[in-house]
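Worksheet for the structure shown next.
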Amino acid sequence: MVLLAVVRLGDEAHGLMIRRDVSARAEHDYSVGAVYTTLQRLETKGFLRSRTTGPLPVRGGRSRRQFKVTAAGQRALRDAQRVTASVWMGLFDSAGEAT
Amino acid sequence: MTSVPRWTESILHGLGTDAGIREDLLGDLAEEFASRETTDGTVAARRWYYRESLRAIPHLVRDWRRHASPRDVRALAGAVIASLMFVLTVSVVLRLTVHGLVMLGVLPVSQLAPAAAWSIVGLLLAFNTAVIGGYAAARMYSQAPVVAAAALGATWSGFTIVALLIAPELPWGTRAFAIPMALMVATVGGGIARACRAPRLRTP
């Protein structure tokens, strides 16, 4: 979900916006710590890369870290989509009822 | 715009996690705080900040643990042992001082219930010593002062629980858990006091 949020947000993909997006879509309030732990793990795996902006007064003089999905991250997303589609295949008919 | 609660920020700083993730997290908290202050008011924004800071603590501690090298762990253990020795010395000196003052009549101890009075004096001394010990541990392990104070508190509480268990009479119930918990809170309080004082932790 975090990877998808980074793709969706594009240039606005920084911690704060990612957390808001993921929390809104999952209808669950994720903590700042949980999101950053996940972002760090994804970056370590090579699915994301990040860059920092200059210091911003609204952040107490701290810089903002912006994220972008790498080619490896996009491959991981496509694989996850394919696996999810195959798992769901045949479970529900066209009317949305379980088969 | 009000500034974020500084002492809460110092506590998060004192958890010794990776500087990158720590600064990103603190920056996000500050930015969200500013946004919420505008829409919901200062009181609601502060309440949110405190709640989110509490929720961030387990992640930061896990991050410190993940990145801690064997050298860091040895340094932490050394700080805990050194501060335990320091605390023991302070405790003995304080108790001898109090006993001396009582014997000289400077410090009156109730003649009606001397055992109860001594228990209270003992608990107060232990609490003060715990705060000093937490401060000392935090000072000795400056890369993660709050973690060092918590480690000292956990070690000391563990010893206290063992001592209570092997005591001739077993004071189960409130006393069995209140004393170790009070020691834990006091040492962490000392560590937080140090984290808030350390000049390099003050944000611009």
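The values are calculated or read from the model by the stated rules, or taken from the named source; none is laboratory data. Being a predicted model, the structure only gives us computed values, none of them experimental. A quick note on method: Cβ atoms are made from the backbone with ideal geometry, for glycine too, and the neighbour counts reach across all protein chains shown. For the accessible areas, the whole protein counts, side chains as well, though only heavy atoms, and no ligand, DNA or RNA atoms are used. Shrake-Rupley method; radii C 1.70, N 1.55, O 1.52, S 1.80 Å.
Results, tabulated for the structure shown:
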quantity	calculated
Residues of the stretch A:33-44 classified as open to solvent by 40 Å² or more (accessible area, probe 1.4 Å) and in contact (Cβ under 8 Å) with a residue 24 or more places away in the chain, total	2
Odd one out for B:ALA195, checked against (1) farther than 24 Å from B:LEU15 by Cβ; (2) under 17 Å from the mean Cα position of the chain (by Cα); (3) modelled with pLDDT of 75 or more	(1)
Pairs, first closer than 19 Å to B:ALA136 by Cβ and of a type in the set (Asp, Glu) in the stretch B:66-81, second modelled with pLDDT of 85 or more and open to solvent by less than 40 Å² (accessible area, probe 1.4 Å), C-beta under 7 Å, six or more apart	none
Top-ranked residue in the stretch B:138-155 [being outside any helix (DSSP H, G or I) and either among the acidic types (Asp, Glu) or open to solvent by less than 10 Å² (accessible area, probe 1.4 Å) (or both); ranked as modelled with the highest pLDDT]	B:TYR141
Boolean, B:ASP24 is surrounded by 15 or more Cβ atoms within 10 Å (Cβ to Cβ), among the acidic types (Asp, Glu), modelled with pLDDT under 85 and on the phi < 0 side of the Ramachandran plot	no
Condition check for A:LEU16: in contact with a helix residue (DSSP H, G or I) (Cβ under 7 Å, 6 or more places away or on another chain) and modelled with pLDDT of 90 or more	no
Any hit, the stretch B:17-40, residues being assigned to a loop (DSSP other than H, G, I, E, B) and within 13 Å of chain A (Cβ to nearest Cβ)	yes
Check on B:VAL4, at negative phi, assigned to a loop (DSSP other than H, G, I, E, B) and either β-branched (Val, Ile, Thr) or in contact with a Phe, Trp or Tyr (Cβ under 6 Å, 6 or more places away or on another chain) (or both)	yes
Test set (1) at pLDDT below 85; (2) buried (at least 21 other Cβ atoms within 10 Å of the Cβ); (3) aromatic (Phe, Trp, Tyr) - B:TYR135 fails condition number	(1)
Flag if A:ALA5 is open to solvent by less than 40 Å² (accessible area, probe 1.4 Å), in a helix (DSSP H, G or I) and either more than 14 Å from chain B (Cβ to nearest Cβ) or without any contact (Cβ under 8 Å) to a residue 60 or more places away in the chain (or both)	yes
Pick from the stretch A:14-41, criterion within 12 Å of another protein chain (Cβ to nearest Cβ) and among the aliphatic types (A, V, I, L, M), ranking: nearest to B:PRO58 (Cα to Cα)	A:ALA34
Set A:ARG51, A:ARG65: member being out of contact with any Pro (no Cβ under 7 Å at 6 or more places or on another chain), assigned to a strand (DSSP E or B), touching a residue at least 40 places away in the same chain (Cβ under 8 Å) and under 13 Å from B:GLY20 (Cα atoms)	A:ARG65
Filtered residues of the stretch A:55-76 (kept if open to solvent by 40 Å² or more (accessible area, probe 1.4 Å) and either more than 10 Å from chain B (Cβ to nearest Cβ) or farther than 27 Å from B:GLU32 by Cα (or both))	A:LYS68, A:ALA71, A:GLN74, A:ARG75
Residue satisfying condition, being more than 14 Å from every other protein chain (Cβ to nearest Cβ) and not in a helix (DSSP H, G or I), within set B:VAL106, B:VAL73, B:VAL90	B:VAL106
Selection from the stretch B:156-169 of residues that are more than 17 Å from B:PHE127 (Cβ to Cβ) and within 16 Å of the chain's Cα centre (by Cα)	B:GLY158
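Here's the yes/no breakdown for (1) open to solvent by less than 30 Å² (accessible area, probe 1.4 Å); (2) over 16 Å from A:VAL58 (Cα atoms); (3) of a type in the set (Val, Ile, Thr); (4) out of contact with any Cys (no Cβ under 8 Å at 6 or more places or on another chain):
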position	(1), (2), (3), (4)
B:PRO5	yes, no, no, yes
B:ILE11	yes, yes, yes, no
B:ASP28	yes, no, no, yes
B:GLU32	yes, no, no, yes
B:THR39	no, no, yes, yes
B:ARG46	no, no, no, yes
B:TYR50	no, yes, no, yes
B:LEU54	no, yes, no, yes
B:HIS59	no, yes, no, yes
